[in-house]
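A.B. asks: Here it is: the structure, laid out below.
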Amino acid sequence: MKKWLIRILTVILIINLIISYIYIIKNEKEDKEQNEVFERLENIIIEDSEVQKTEQQEESINLQKLYELNDDFVGWLKIEDTNISYPVMQTESNRKDYYLRKNFCKQYSQLGTPYIAEYCNIKTSDNIIVYGHHIKNNQMFGELEKYKKKDFYNNHKTINFNTKYENADYEIIAVFKTVAYKGFEYYKFVNSSSKHEFDTFIQKCKELSFYETDKTAQYGDKLITLSTCEYSNKDGRLVVIAKKIKAELEE
């Protein structure tokens with residue numbers, strides 16, 4: 001009787017191992033396909049910008065083709081010398097978090113695609129909040145983990161966000177972690193109704209920051225917030241806050 005039980009348990013274990021292996025292989029295949037999609041999209045905008053570049057005109061990435069492929073597309077987010085170079089999407093409240101598990105082509109993907117909170121307006125909001133998955137091997141917003149170290153920040157202080165309205169650079173002013181729903185509700189700050197409200201928000205970001213950046217923001221500045229999961233706490237969040245320092249209007 002014991003021998004039969006051992007055999008049955010062994011068969012169950014082998015089946016579970018096979019299923020786990022298939023699942024891992026499937027996820028790796030999907031991740032590879034998703035990264036290939038991002039590479040193709042980036043090649044499209046790079047090729048377009050080279051065509052448009054002239055001696056009298058600075059290089060300006062043309063995003064029009066990506067808008068034509070998917071009208072949920074709002075811009076391209078990039079941090080130089082990192083893997084962060086991705087399209088950014090936005091949907092209405094009736095499709096909230098749609099791109100949490102969707103790629104640019106609206107197909108299922110565990111990597112998802114970075115997206116802006118549905119209540120933000122990329123033209124007028126004081127703070128644009130961008131969500132992305134924290135994926136191993138520095139995929140998606142996983143590389144934001146490196147911002148916990150000041151040495152990494154010192155070499156990667158600028159975020160570029162290019163939309164159909166402008167090509168803007170943002171300077172990082174604070175990097176911190178918190179707990180969603182119970183900690184600092186940074187994701188609720190979109191528009192400031194007063195200088196006091198703005199200053200209070202910035203002060204809290206600076207207080208929580210892993211280190212002093214010697215940079216801050218003043219009332220009237222525009223901000224961008226990159227948000228991803230942080231695994232030292234349940235429902236943890238890793239947050240990078242930056243202020244706009246340069247913007248070139250797109251034609």
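A.B. asks: Of a type in the set (A, V, I, L, M), closer than 25 Å to Lys234 by Cβ, surrounded by fewer than 21 Cβ atoms within 10 Å (Cβ to Cβ) and over 15 Å from the mean Cα position of the chain (by Cα) - does that describe any residue in region 166-175?
C.D. replies: So far as region 166-175 goes, no, none of its residues is of a type in the set (A, V, I, L, M), closer than 25 Å to Lys234 by Cβ, surrounded by fewer than 21 Cβ atoms within 10 Å (Cβ to Cβ) and over 15 Å from the mean Cα position of the chain (by Cα).
A.B. asks: So Tyr181 ticks every box in (1) over 17 Å from the mean Cα position of the chain (by Cα); (2) on the phi < 0 side of the Ramachandran plot but one. Which box is left unticked?
C.D. replies: Answer for Tyr181: the failing condition is (2).
A.B. asks: Residue under question is Asp169, and the condition is that it be in contact (Cβ under 8 Å) with a residue 24 or more places away in the chain, touching a Ser or Thr at 6+ places or on another chain (Cβ under 7 Å) and of a type in the set (D, E, K, R); does it hold?
C.D. replies: Taking the combined requirement at face value, the residue satisfies it.
A.B. asks: On to the next question. Just checking, how many residues over region 183-237 are among the β-branched types (Val, Ile, Thr) and either in contact with a helix residue (DSSP H, G or I) (Cβ under 9 Å, 6 or more places away or on another chain) or assigned to a loop (DSSP other than H, G, I, E, B) (or both)?
C.D. replies: Result for region 183-237: 5.
Values in this text are rule-based calculations from the coordinates and carry no lab data. What you see is a predicted model, and the numbers here were worked out from it, not measured in a lab. We place every Cβ from the backbone using ideal geometry, glycine too, and count neighbours over all the protein chains shown.
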